[in-house]
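Participant: One structure, as structure tokens, below. Some questions next.
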Amino acid sequence: MGTYVITGGASGIGAAIGAQLQNEGHRIVVVDIQQADIVADLSCAEGRAAAIAAIKRATHNELTGLVTCAGIGSHIPNQGLIAAVNYFGSVDLIEGVRPMLSDHRASVLLISSNSASMTTNPEFVDALLADDEINATRIAATMASQPVYSGSKQALTRWMRHHSQAYAAQGIRMNAIAPGYTRTPLSAAVENDANYGAAIKQFIDSIPIVRPGMPQDMADAASFLLSDKASFICGAMLFIDGGHDAMLRPDQF
């Protein structure tokens, strides 16, 4: 059995993935802003560097897999923070432990979103992909929160696609999952909110499978993509959204 690092693993989808991997006999190291094996702030370069150093110590440089689940939703009014955590908090961490991943022919799973395909500001996405955090933060401050969120996930997925070949040459498989609406403690609070609850319920009813996703739905897919059963899957984005993406974008695949 191996050692997996999960960012954002203290709650929600990350916690479900961690529990699934633990049930399979793996050791889990959780990185999160609180209540974690490694407490770290992935919104800044210093926090990411500290997390990378702590991961190396905690795993003794033996890493079977990495799941970058730490993220911030569009309900956060600080648009720059969304960009910093969702994109740079994943990319910088992956790059920082890349030698460990290569040494152990590890698997990487990025948590994207089915909103990654939504229309957003291309200048913002380009700044993220150019690794220009200062400019990306500046542009994000001029945007609404939802396009910042979807743009951060679009850039993250495109980064994975652009780099999957180079990582594969080092023995590292990278893939992403795109969760749709998933019932977590955070989303449940919005679902039961007097102002937003009715709209959320209508949105859930529009899912072809007619139910919200559950964290375990994501954990089951993550377990497969990280395992040797998915050894020929590389650079893929798997939509786990009850059919929403197919319904909304039937001619794009």
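The values are calculated or read from the model by the stated rules, or taken from the named source; none is laboratory data. Computed from a predicted model, the values in this text were never measured in an experiment. FYI the Cβ positions are ideal-geometry reconstructions off the backbone, even for glycines, and counts take in every protein chain you see.
Participant: Identify the single condition in (1) at pLDDT 95 or above; (2) at positive phi; (3) out of contact with any Leu (no Cβ under 9 Å at 6 or more places or on another chain) that HIS60 does not satisfy, given that it satisfies every other one.
Facilitator: (1) is the only condition that HIS60 fails.
Participant: Check ARG173 against each of (1) at pLDDT 95 or above; (2) out of contact with any Cys (no Cβ under 7 Å at 6 or more places or on another chain) and name the one condition it does not meet.
Facilitator: That leaves (2) as the condition not met.
Participant: From the list MET237, MET160, MET218, which residue is in contact with a strand residue (DSSP E or B) (Cβ under 9 Å, 6 or more places away or on another chain), of a type in the set (A, V, I, L, M, F, W, C) and under 19 Å from ARG105 (Cα atoms)?
Facilitator: Numbers: MET237 fails: under 19 Å from ARG105 (Cα atoms); MET218 fails: under 19 Å from ARG105 (Cα atoms).
The match here is MET160.
Participant: To continue, here is another question. Name the single residue, out of those in the stretch 16-48 being within 16 Å of ASN86 (Cα to Cα) and among the hydrophobic types (A, V, I, L, M, F, W, C), that is surrounded by the fewest Cβ atoms within 10 Å (Cβ to Cβ).
Facilitator: This residue is ALA45.
Participant: Identify all residues within the stretch 206-239 that are out of contact with any Ser or Thr (no Cβ under 7 Å at 6 or more places or on another chain) and not hydrophobic (A, V, I, L, M, F, W, C); write none if there are none.
Facilitator: SER206, PRO208, ARG211, GLN216, ASP217, ASP220, SER223, SER227, ASP228, LYS229, SER231
To keep it simple, each residue is scored yes or no on (1) aliphatic (A, V, I, L, M); (2) touching a residue at least 12 places away in the same chain (Cβ under 8 Å); (3) within 19 Å of ALA15 (Cβ to Cβ).
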residue: ASP205; (1), (2), (3): no, no, no
residue: PRO215; (1), (2), (3): no, yes, yes
residue: PHE224; (1), (2), (3): no, no, yes
residue: LYS229; (1), (2), (3): no, no, no
residue: MET237; (1), (2), (3): yes, yes, no
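Participant: So which of ALA199, ALA166 is loosely packed, with under 13 Cβ neighbours inside 10 Å, modelled with pLDDT under 95 and assigned to a helix (DSSP H, G or I)?
Facilitator: ALA199
Participant: With (1) assigned to a loop (DSSP other than H, G, I, E, B); (2) touching a residue at least 24 places away in the same chain (Cβ under 8 Å); (3) surrounded by fewer than 18 Cβ atoms within 10 Å (Cβ to Cβ); (4) not small (Gly, Ala, Ser) as the list, and MET143 as the residue in question, which single condition is left unmet?
Facilitator: The number of the failed condition is (3).
Participant: Please determine whether any residue of the stretch 84-103 is touching a Ser or Thr at 6+ places or on another chain (Cβ under 9 Å), surrounded by 23 or more Cβ atoms within 10 Å (Cβ to Cβ) and of a type in the set (S, T, N, Q).
Facilitator: Yes, the conditions are met somewhere in the stretch 84-103.
Participant: Are any residues in the stretch 47-84 polar (S, T, N, Q), closer than 30 Å to GLU123 by Cα and not in a helix (DSSP H, G or I), and if so, which ones? Walk me through how you get there before you give the answer.
Facilitator: Narrowing the stretch 47-84 to residues polar (S, T, N, Q): 59, 61, 64, 68, 74, 78-79.
After this cut, where a residue has to be closer than 30 Å to GLU123 by Cα as well, the list is 68, 74, 78-79.
The answer is THR68, SER74, ASN78.
Participant: For the stretch 19-43, what are the residues that are in a helix (DSSP H, G or I) and either more than 19 Å from LEU226 (Cβ to Cβ) or in contact (Cβ under 8 Å) with a residue 24 or more places away in the chain (or both)?
Facilitator: First pass over the stretch 19-43, keeping only residues in a helix (DSSP H, G or I): 19-23.
ALA19, GLN20, LEU21 - these are the residues of the stretch 19-43 that are in a helix (DSSP H, G or I) and either more than 19 Å from LEU226 (Cβ to Cβ) or in contact (Cβ under 8 Å) with a residue 24 or more places away in the chain (or both).
Participant: Is it true that PHE124 is free of Cβ contacts under 8 Å to residues at least 24 places away in the same chain, more than 14 Å from VAL91 (Cβ to Cβ) and either touching a Leu at 6+ places or on another chain (Cβ under 8 Å) or assigned to a helix (DSSP H, G or I) (or both)? Can you show your working first?
Facilitator: Numbers: free of Cβ contacts under 8 Å to residues at least 24 places away in the same chain: no; more than 14 Å from VAL91 (Cβ to Cβ): yes; either touching a Leu at 6+ places or on another chain (Cβ under 8 Å) or assigned to a helix (DSSP H, G or I) (or both): yes.
It is false that PHE124 is free of Cβ contacts under 8 Å to residues at least 24 places away in the same chain, more than 14 Å from VAL91 (Cβ to Cβ) and either touching a Leu at 6+ places or on another chain (Cβ under 8 Å) or assigned to a helix (DSSP H, G or I) (or both).
Participant: Looking at (1) surrounded by fewer than 20 Cβ atoms within 10 Å (Cβ to Cβ); (2) under 22 Å from TYR149 (Cα atoms), can you tell me which one ARG57 breaks?
Facilitator: All conditions are met except number (2).
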